[in-house]
Amino acid sequence: ENQTEIYSGLGTIYRKLGDTKSASENFDQALFYARRFVMEFPDNPISYLRLGESFFNMGVADSAINFLHMAEFLENKPLYRGKVLLAMGKAYQVENNRSLAQDCFQQILNIPSGFEEKKEAQEFLTEDTKSPHKN
């Protein structure tokens, strides 16, 4: 899990710096370790969350959504459920599925999830009400 997070973080930093090659290499490594994490801990919802996030970072939103649904199914702790729903909402936004994205963000506000997840979900919902509806 730690290696997945480290490589994902590095990929995000390189992406922000405009170094797409280094970002891609780090996201590839994150995906590799996320797959290993799932293989080693197939009953752990966090492993599916990390794999979903890795696919999202690689730009493969449909695969991300599939693994995030698995994480959501397995997760029963509100804190991590909020993390899963936030990741899923972002993936639905990329897929241009506004209604499912809104549903994910609203669910975060309705459960006792983490402060940061609630804050980000509220920002997405507020931003969405300001933008023209496309879906």
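Do we find that Glu5 is farther than 12 Å from Met58 by Cβ, assigned to a helix (DSSP H, G or I) and of a type in the set (Asp, Glu) in this structure?
So Glu5 fits the description; yes.
So which residues in the stretch 4-32 are among the aromatic types (Phe, Trp, Tyr) and within 16 Å of the chain's Cα centre (by Cα)?
Tyr7, Phe27
Say we look at the stretch 32-59 and pick out the residues that are part of a loop (DSSP other than H, G, I, E, B) and either closer than 17 Å to Tyr80 by Cβ or of a type in the set (A, V, I, L, M, F, W, C) (or both); which of these is most open to solvent (accessible area, probe 1.4 Å)?
Asp43
With the requirement that a residue be assigned to a helix (DSSP H, G or I), among the β-branched types (Val, Ile, Thr) and out of contact with any Phe, Trp or Tyr (no Cβ under 8 Å at 6 or more places or on another chain), what does the stretch 85-127 give you?
Correct list: Ile108, Thr126.
Answer with yes or no whether Gly89 is open to solvent by 60 Å² or more (accessible area, probe 1.4 Å) and of a type outside the set (A, V, I, L, M).
So Gly89 does not fit the description; no.
Restricting to the stretch 79-116, count the residues that are of a type in the set (Val, Ile, Thr) and over 19 Å from Ser54 (Cα atoms).
So the answer is 2.
Can you find a residue in the stretch 12-31 that is of a type in the set (A, V, I, L, M), in contact (Cβ under 8 Å) with a residue 24 or more places away in the chain and buried (at least 16 other Cβ atoms within 10 Å of the Cβ)?
Scanning the stretch 12-31, I find at least one residue that is of a type in the set (A, V, I, L, M), in contact (Cβ under 8 Å) with a residue 24 or more places away in the chain and buried (at least 16 other Cβ atoms within 10 Å of the Cβ), so the answer is yes.
The values are calculated or read from the model by the stated rules, or taken from the named source; none is laboratory data. All values derive from a computational prediction rather than experimental measurement. Cβ sites come from the backbone with ideal geometry, for glycine too, and all protein chains shown count toward neighbours. To get the accessible areas, we keep the full protein, side chains included, count just its heavy atoms, and leave off ligands, DNA and RNA. Shrake-Rupley method; radii C 1.70, N 1.55, O 1.52, S 1.80 Å.
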